[in-house]
Every structure is written in C-alpha cells, then in structure tokens.
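J.: First the structure, which I've put down as structure tokens, then a few questions once you've had a look.
The values are calculated or read from the model by the stated rules, or taken from the named source; none is laboratory data. Computed from a prediction, not measured in an experiment: that's the story for all the values here. Counting neighbours? That spans all protein chains shown, and the Cβs are built from the backbone with ideal geometry, glycine included. In case anyone asks, the SASA skips ligands and DNA or RNA and just uses the protein heavy atoms, side chains included. Shrake-Rupley method; radii C 1.70, N 1.55, O 1.52, S 1.80 Å.
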Amino acid sequence: MISPVQFPEIGNVPKKYESSMPEKIVKPDAEWRKQLSDEQFQVTRRKGTERPFSGKYNDCKDAGTYNCICCGAPLFSSSHKFDSGTGWPSYWQPVSPEAVKTAEDYSHFMLRTEATCASCDAHLGHVFDDGPEPTGLRYCINSASLKFAK
C-alpha cells in the first residue's frame, strides 16, 4: 500500500481547488448508465481499465483541470501531469489531498493501490510509487474516468 502523501505544492494550489471533504454523491447504477458511455460506466463504476495508449488524454498537453467524468469534481491539474510512458495519463499528485481517495486493491492476484474520486467513489485507476519528485508517486488514471476543462 502506498503511504500517505505529503503535497509539497498544496500551499500554491489555486483557491478554486481548496475545499473541505466533498459531499458524497450516490446514485443507482441505472442513473450512472444514463449519464455515462458504456466504457465510462465499465471503468468508473465496475473498476475496469481502458487499453493502454487508447485514452484521449494520454498525450494531452493542454493546460487545464482534469475533472471526474461522473460528478465533475476537480481531480488533477495539467501542471502535475507527466509522461510516464505507460499508456495512461499520469500525475504526481491530485489537485488537493481531499480530491482522490486510495485503498488497497487485491484484484488480479496482486496488491495495488486503487485511486477513486472522493466525491462519488468513481474508479479512476491506480497509484504506484515509481513517479517523479517531489512525491515519488504515479497516479495512473484512465482517460475514460476524466473530463478535461481548459
């Protein structure tokens, strides 16, 4: 399990990202299915994974914020994005410590750290400890779980 993260840039996070714990958004699967594409539903609500190098944000270099496709909560900033070469968008930290939750994931016969949206529990991807400084973390995130805003 990845240990708790210290966010070196948190003091510099724009006010629009500062928040207390988000209000939990809960919907039945039928509502999520109406709102999301089949792929988005499979990834976010069923903990699926898109194929590497297939997501629309893997190579995105535009400045902006990556929000949760399910609830619109801000999750990652383009200023924290880096090219990990893995085929999925990668970030070294979320926009705030409260934005993304982590939990142990024992699926696929291995121990990983799952990343989910703190507001709606959407599966985003996984966190690994092979990222760049200053955190040393790599949030490996499915494009299907994100909506980019410039």
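J.: Tell me, which residue of the range 84-111 that is assigned to a loop (DSSP other than H, G, I, E, B) and among the polar types (S, T, N, Q) is surrounded by the most Cβ atoms within 10 Å (Cβ to Cβ)?
T.: Within the range 84-111, the match that is surrounded by the most Cβ atoms within 10 Å (Cβ to Cβ) is Gln93.
J.: Now, a different point. Applying the selection to the range 59-83, what residues are closer than 13 Å to Ser145 by Cβ and either out of contact with any Phe, Trp or Tyr (no Cβ under 8 Å at 6 or more places or on another chain) or assigned to a loop (DSSP other than H, G, I, E, B) (or both)?
T.: The answer is Cys68, Ile69, Cys70, Cys71, Gly72, Ala73.
J.: Restricting to the range 46-62, what's the tally of residues that are within 26 Å of Ala30 (Cα to Cα) and of a type in the set (Gly, Ala, Ser)?
T.: 2
J.: In the set Gly64, Gly125, Gly72, which member is on the phi > 0 side of the Ramachandran plot, touching a residue at least 24 places away in the same chain (Cβ under 8 Å) and open to solvent by less than 10 Å² (accessible area, probe 1.4 Å)?
T.: After ruling out the rest, the residue left standing is Gly125.
J.: So the check is Cβ under 9 Å with 6+ separation or different chains; which pairs have a first residue in the range 134-148 that's within 15 Å of His123 (Cβ to Cβ) and a second one that's surrounded by fewer than 23 Cβ atoms within 10 Å (Cβ to Cβ) and aliphatic (A, V, I, L, M)?
T.: Ala144/Leu36
J.: Further question: Determine if the range 95-115 includes at least one residue that is within 9 Å of the chain's Cα centre (by Cα) and polar (S, T, N, Q).
T.: Scanning the range 95-115, I find no residue that is within 9 Å of the chain's Cα centre (by Cα) and polar (S, T, N, Q), so the answer is no.
J.: Could you say which residue among Thr65, Thr116, Thr86 is touching a strand residue (DSSP E or B) at 6+ places or on another chain (Cβ under 9 Å), at pLDDT 95 or above, closer than 19 Å to Val26 by Cα and not aliphatic (A, V, I, L, M)?
T.: From the options Thr65, Thr116, Thr86, the qualifying one is Thr116.
J.: For Thr86, state whether it is in contact with a Phe, Trp or Tyr (Cβ under 8 Å, 6 or more places away or on another chain) and either touching a residue at least 24 places away in the same chain (Cβ under 8 Å) or not hydrophobic (A, V, I, L, M, F, W, C) (or both).
T.: It is false that Thr86 is in contact with a Phe, Trp or Tyr (Cβ under 8 Å, 6 or more places away or on another chain) and either touching a residue at least 24 places away in the same chain (Cβ under 8 Å) or not hydrophobic (A, V, I, L, M, F, W, C) (or both).
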